[in-house]
1. What is the local net charge at Glu237, summed over the other residues whose Cβ is closer than 13 Å to its Cβ (Lys, Arg +1; Asp, Glu -1)?
2. Shape verdict for segment 390-605, please, from the Cα gyration tensor: rounded (a/c under 1.5), prolate (a/b greater than b/c) or oblate.
3. I want the local charge near Leu170. Using Cβ-Cβ distances under 15 Å, sum +1 for each Lys or Arg and -1 for each Asp or Glu among the other residues.
4. Name the long-range amide H neighbours of Asp587: under 5 Å, sequence gap of 5 or more, or other chain; modelled H, no Pro or chain starts.
5. In nm, what is the difference between 0.36 nm times the number of residues separating Ala253 and Asp117 and their Cα-Cα distance?
6. For Asn217 and Thr301, FRET efficiency with R0 = 41 Å and r from the beta-carbon atoms, rounded to 0.05?
7. Per-residue counts of other Cβ atoms within 10 Å, averaged by peptide: what ranking do you get for 189-195, 690-696, highest first?
8. I'd like to compare 450-457, 415-422: which one has the highest average count of other Cβ atoms within 10 Å, and what's the full order after that?
Amino acid sequence: MACQQSRYHSSSSASRLQPQPSGVTIDESFITENQSTQKRKLLQKRRTLTGQFSMGGHLSPWPTYTSGQTILQNRKPCSDDYRKRVGSCQQHPFRTAKPRYLEELENYLRKELLLLDLGTDSTQELRLQPYREIFEFFIEDFKTYKPLLSSIKNAYEGMLAHQREKIRALEPLKAKLVTVNEDCNERILAMRAEEKHEISLLKKEKMNLLKLIDKKNEEKISLQSEVAKLRKNLAEEYLHYLSERDARKILIADLNELRYQREDMSLAQSPGIWGEDPVKLTLALKMTRQDLTRTQMELNTMKANFGDVVPRRDFEMQEKTNKDLQEQLDTLRASYEEVRKEHEILMQLHMSTLKERDQFFSELQEIQRTSTPRPDWTKCEDVVAGGPERWQMLAEGKNSDQLVDVLLEEIGSGLLREKEFFPGLGYGEAIPAFLRFDGLVENKKPSKKDVVDLLKDAWKERLAEEQKETFPDFFFNFLERRFGPSDAMAWAYTIFENIKIFHSNELMSQFYAVLMGKRSENVYVTQKETVAQLLKEMTNADSQNEGLLTMEQFNTVLKSTFPLKTEEQIQELMEAGGWHPSSSNADLLNYRSLFMEDEEGQSEPFVQKLWEQYMDEKDEYLLQLKQELGIELHEEVTLPKLRGALMTIDPSLDKQTVNTYMSQAFQLPELELPEDSDEKEEGVVEILQTALERLQVIDIRRAGPREPEPAN
């Protein structure tokens, strides 16, 4: 096989180098440097074949009736068909043989085609090469027909070249057609998916409508049965009243008859009766007796028919009494239902109280078993810098948990002062942008007051400019503007480590929460605006501009500024401002001192109490929202359900505020929120705990009082 392939390549390369007639378009890839050598070999081969073509200068008289065998049938000499044909020729030697030149051409063509079949890289263009060579042989040998044959060959070659150019021009269109086909298929798949979704929605709507139809059919059947029952009762009442009417007519007729008889009897007993004829009197007596008998019978009939009839006056009295008793019964039933519900509620409260009692008792036993003695905080006086006086100042009014925070802050600040460098946190996605750095970062070691002043300046600059960038990016840009790009990263690490330690400092803790995304900066801004508005209201109430208010004025300003706060919350604020139960309303209060801050940014107890009440109100608001939804924290809540719960617990909310809350809870831009009547609202879901945590970040508060529940 390898030898045959090498022969094929040598012969095919030689055939590619043969000269083409003038006017024929050829590929430049067929021309090589040894063209002249191959041309001489090709001419020599043609002379050899031409000498065998004819005998004595005449065409061979090979008979035309000899069985014609096409070259394509003899392409593979190694095949079984070829052996059979050779054997048949040997068995019939007396047939007229083909000319030698024709056999040489056929053998040459068969050999070349066989080599092309054996080659793995043969193309349709390459398969035409042997036929070109054979045709060239004929053109060269038939001198007389050479111009005609050359023009025929040139015409075919030109057409082939034109077709090749057209194919090359259509190749990009084929690729584009494939791309368009893929795009169309993708669109078809997308449309099918959309249609499938619409079909599923229509099927659900169909099922709901079928259920509604079944419900309406059941209502129709029940109404039809009720109508039939009422018709039956109406027919019975009609018959009853018809019989009553007939009986009344009969009674009236009988009464009239009796009246007429009584008049006749009175006439018969007049003074001139004794002068009448006895026969006539006897006849009158007989008729009177007959009338009496008839009247007695009618009276007995009336007694039998109307013996059970009640007089209308008695009937109306009994009906009124029955109505009063029915109203009393309804009132007693309603009272009974209320008492029963109250009893059930009290039983539930009793059971929950019992459970809480058992739980508290178990916790008490566990605490008694595992509790440790109360720590002696006076031991910290000798450890904390500043001695007993500073420790007493730090520990004043704080519980054990707060004292632990203070002690941890003191320990952390001491360790922080000892550090010279901070290790960089790297460039991970979980690392805040202003802390992404590799290597060691210098500790600038500022004082607590310096950090507080720097944070105040940052807040002032943040509130003065438009909030076009995120708070972490603004913070780092602020440090670059303040300290330069070279020291910005060092100051970022230094401030971050300081505000992370001092949890008890109000300014530092709020700045840390906003910087880490645990709280929205609008919370801080709104709180500052609330404090400023309260100070403005107090200043307006101070007509003398002395900085003093009476306790009554102080109470009035608090209630007008915070109309939604309860009396207990107002009292807590007054106590934080310096009011005591023993104080009178005429006592004066220096209200400006309530809004002062120390050098470390700590506010007075009054402002701290405002912040604590705001956080408590937010927690209570979110708890009411969870209770209104009535689902567990791990369950999913839809957008319309959360929107409805918000409007239920806080009807005073406007649409813009509700959309802001929905955008935060479901992390959707406000412009992409579906409308109230949009069916897509049902597809927007979120875990309840995640939604509540997101709402905890922003400034969410009650806009108005909650409507009281209607009484049963």
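The values are calculated or read from the model by the stated rules, or taken from the named source; none is laboratory data. Everything numeric in this text was worked out from a predicted model, so none of it was measured. We place every Cβ from the backbone using ideal geometry, glycine too, and count neighbours over all the protein chains shown. The protein model used for the area step is the full one, side chains on, heavy atoms only, and it has no ligands, DNA or RNA in it. Shrake-Rupley method; radii C 1.70, N 1.55, O 1.52, S 1.80 Å.
1. That sum, taken over residues with Cβ under 13 Å, equals +2.
2. Note, shape of segment 390-605 comes out prolate.
3. Value of the local net charge: +3.
4. Met551
5. Taking Ala253 through Asp117 to full extension adds about 35.6 nm, to one decimal.
6. 0.15
7. The densest-packed peptide leads the list: 690-696, 189-195.
8. Descending packing order for the listed peptides: 450-457, 415-422.
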